Amino acid sequence: MSDAEPPERPLTVIAIDGPAGSGKSTVGKRLAAELGLEYLDTGAMYRGVTFAALRRGIDPADVEVVGRLAQQVELDLPGDGTLIVDGVDATIEIRGPEVTRAVSLVAANSAVRKELVRRQREWAESRGGGVLEGRDIGSVVFPDARLKVYLTASPEVRAERRSKEVIDLDYATVAADIARRDAADQGRDDSPLAEAEGALVVDTSDRDVDEIVADLVGRVR
Ligand code: DC
């Protein structure tokens with residue numbers, strides 16, 4: 001667990017957590033636009049550290065070296081969906097199979113988590129808040145968030161959504177990958193994926209995005 005204290009100043013933070021394909025990005029971006037807040041995809045940060053490790057030929061399982069790398073790497077998320085890692089545009093590659101395969105190892109590294117949680121808090125504090133999506137936002141990063149949402153959907157629906165986003169992988173491969181990553185995210189020791197205390201649980205399997213967003217906006221206001 002990170003030992004840094006959550007910030008004391010009240011911020012308008014909306015925490016959105018949930019497994020892969022649960023609708024976090026779609027709901028998070030729309031909610032941020034409706035509320036006039038900025039949006040941060042914290043999964044992209046874990047993917048960015050993974051990208052930096054692979055690019056430097058570092059073994060993602062090397063806990064010490066990857067932990068040090070996380071402190072040094074420059075991650076630039078300008079808010080338009082792009083990610084710049086040490087000056088290199090990594091937007092496409094962080095969604096590719098190599099990074100996707102290795103990211104769970106990097107996300108289980110406590111030194112990496114500590115550093116990224118610090119950056120995520122700093123990001124929100126410098127903006128007066130924001131919509132942050134990830135796995136541990138409501139449980140660890142901002143346990144006092146204004147609204148905590150845990151999105152979920154059936155494994156079939158989640159695999160279906162993801163397989164539509166990728167061009168070169170079939171449904172069965174995507175479903176197996178999601179199941180593997182869910183198990184790794186839920187089973188790790190440090191900040192495992194779980195419903196945060198007080199989180200509103202929303203099953204997005206059969207619900208319309210507009211309706212979900214309108215409901216959440218109403219709760220924030
Ligand atoms: O949301 P995503 O699939 O892009 O996330 C990539 C990985 O990073 C995923 O395995 C979970 C992990 N992650 C995490 O551990 N904590 C977060 N706050 C965000 C993502």
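Can you work out which of the residues in the range 84-107 that are in a strand (DSSP E or B) and touching a residue at least 24 places away in the same chain (Cβ under 8 Å) is farthest from the ligand (Cβ to nearest atom)?
Of the residues in the range 84-107, the ones in a strand (DSSP E or B) are 84-85, 88-89.
Pick out the ones that are also touching a residue at least 24 places away in the same chain (Cβ under 8 Å) and you get 85, 88.
Working: 85: 14, 88: 18 Å.
Only one residue fits best here, namely 88.
When you go through (1) closer than 23 Å to residue 104 by Cα; (2) at pLDDT below 95 one by one for residue 221, which number turns out not to apply?
Just one mismatch for residue 221, condition (1).
Which residues, counting only those in the range 169-179, are out of contact with any Lys or Arg (no Cβ under 9 Å at 6 or more places or on another chain) and either within 15 Å of the ligand (Cβ to nearest atom) or touching a residue at least 40 places away in the same chain (Cβ under 8 Å) (or both)?
176, 179
I'd like to check something: does the range 18-30 contain any residue that is hydroxyl-bearing (Ser, Thr, Tyr), under 17 Å from the mean Cα position of the chain (by Cα) and over 16 Å from residue 132 (Cβ atoms)? Spell out how you get there, then give the answer.
In the first step, residues of the range 18-30 are kept if they are hydroxyl-bearing (Ser, Thr, Tyr); the result is 22, 25-26.
Retained after the next criterion (residues that are under 17 Å from the mean Cα position of the chain (by Cα)): 22, 25-26.
With the extra rule that they be over 16 Å from residue 132 (Cβ atoms), the set shrinks to none.
No, the range 18-30 has no match at all.
Of all residues in the range 23-62, how many are under 21 Å from residue 97 (Cα atoms) and either among the β-branched types (Val, Ile, Thr) or touching a Lys or Arg at 6+ places or on another chain (Cβ under 6 Å) (or both)? So that I can check it myself, show each step before the final result.
We begin by selecting, within the range 23-62, every residue under 21 Å from residue 97 (Cα atoms); these are 23-25, 41-62.
Checking which are either among the β-branched types (Val, Ile, Thr) or touching a Lys or Arg at 6+ places or on another chain (Cβ under 6 Å) (or both) leaves us with 42, 49-50, 58.
Residues in the range 23-62 being under 21 Å from residue 97 (Cα atoms) and either among the β-branched types (Val, Ile, Thr) or touching a Lys or Arg at 6+ places or on another chain (Cβ under 6 Å) (or both): 4 in total.
Between a first residue in the range 206-221 that is under 13 Å from residue 29 (Cα atoms) and a second residue that is assigned to a helix (DSSP H, G or I), which pairs have beta carbons less than 6 Å apart while being 6 or more apart in sequence or on different chains?
209/26; 212/27; 213/30; 213/31; 216/31; 217/34
Report yes if some residue within the range 110-118 is more than 14 Å from the ligand (Cβ to nearest atom), outside any strand (DSSP E or B) and at pLDDT 95 or above; otherwise report no. I'd like the intermediate steps shown before the answer.
In the first step, residues of the range 110-118 are kept if they are more than 14 Å from the ligand (Cβ to nearest atom); the result is none.
Within the range 110-118 (the criterion being more than 14 Å from the ligand (Cβ to nearest atom), outside any strand (DSSP E or B) and at pLDDT 95 or above), the answer is no, since none of the residues qualifies.
Give the residues of the range 10-65 that are touching a helix residue (DSSP H, G or I) at 6+ places or on another chain (Cβ under 7 Å) and at pLDDT below 95, sorted by residue number.
The answer is 11, 20, 21.
Looking at this structure, is residue 130 small (Gly, Ala, Ser), closer than 25 Å to residue 31 by Cβ and part of a helix (DSSP H, G or I)? It would help to see each step written out before you state the result.
Numbers: small (Gly, Ala, Ser): yes; closer than 25 Å to residue 31 by Cβ: yes; part of a helix (DSSP H, G or I): no.
Answer is no for this residue.
What are the residues in the range 182-218 that are assigned to a helix (DSSP H, G or I) and away from the ligand (no atom under 16 Å from the Cβ), if any? Working first, answer last.
Of the residues in the range 182-218, the ones assigned to a helix (DSSP H, G or I) are 182-187, 209-218.
Correct list: 209, 210, 211, 212, 213, 214, 215, 216, 217, 218.
Applying the selection to the range 36-60, what residues are part of a helix (DSSP H, G or I), buried (at least 21 other Cβ atoms within 10 Å of the Cβ) and not charged (D, E, K, R)? I'd like the intermediate steps shown before the answer.
Looking only at the range 36-60, we keep the residues that are part of a helix (DSSP H, G or I), and these are 42-55.
Next, only the ones that are buried (at least 21 other Cβ atoms within 10 Å of the Cβ) stay: 42, 44-53.
Of everything in the range 36-60, those that are part of a helix (DSSP H, G or I), buried (at least 21 other Cβ atoms within 10 Å of the Cβ) and not charged (D, E, K, R) turn out to be 42, 44, 45, 46, 48, 49, 50, 51, 52, 53.
Anything in the range 130-165 that is more than 13 Å from the ligand (Cβ to nearest atom) and surrounded by fewer than 20 Cβ atoms within 10 Å (Cβ to Cβ)? List them, or say none.
143, 144, 146, 152, 154, 155, 156, 157, 160, 163, 164, listed by residue number.
The values are calculated or read from the model by the stated rules, or taken from the named source; none is laboratory data. Keep in mind the model is a prediction, meaning the values are calculated, not measured. Cβ coordinates were reconstructed from backbone atoms using ideal geometry, including for glycine residues, and neighbour counts include every protein chain displayed.
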